[in-house]
Amino acid sequence: MTTIEAKIPDPVLKQAQELAERENIPLDQLISLAVTQAVGVWSNEGYIASRAKRASRQKFLEALKQVPDVEPPDYDRLPDGYIPKPF
C-alpha cells in the first residue's frame, strides 16, 4: 500500500470522522474504502459507455424476441396501486 497526502475540506473531513467513529473503523480505512468505491464507479461508467457504443437497437430487439411472453411469478410483480414516477 502507498501512503498519500490529500487536502480534504474541513466539513467533509468532519463528516468522514463521524462516520468512521459510528462504523467503528479507522478514518484512513474509511477514506481508502471511499476512494476504492469512487474509482470502481468511474471505471464502470467508462466500461458501460464503451459497450454502449457497440450496441444497436436492432440487436436489442432481436434479444427481446428470445424472452418468453409469460406473466411474472407472484414474487416478481409490482405491488397493487403502484404508479411509476415520471422521468
Next on the checklist: Just to verify a number: FRET efficiency for Q58 and V35, C-beta to C-beta distance, R0 = 30 Å, to 0.05?
Outcome noted: 0.15
Item to check | Loop trypsin sites (Lys or Arg not before Pro), segment 36-84 (other Cβ atoms within 10 Å of the site Cβ: 14 or fewer; DSSP) | outcome: K65, R77
Checklist entry - In whole Å, what are the Cα extents of the chain along the three principal axes, biggest one first? => result 55, 38, 26
Checklist entry - In deg cm²/dmol and to the nearest 500, what is the mean residue ellipticity at 222 nm of the chain if only DSSP H runs of at least 4 residues count, each as -39500 (n - 2.57), divided by the residue total? => result -19000 deg cm²/dmol
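Just so you know, all these numbers are worked out from the coordinates, no wet-lab data involved. Nothing here was measured: the structure is a model prediction, and the numbers come from that model. Counting neighbours? That spans all protein chains shown, and the Cβs are built from the backbone with ideal geometry, glycine included.
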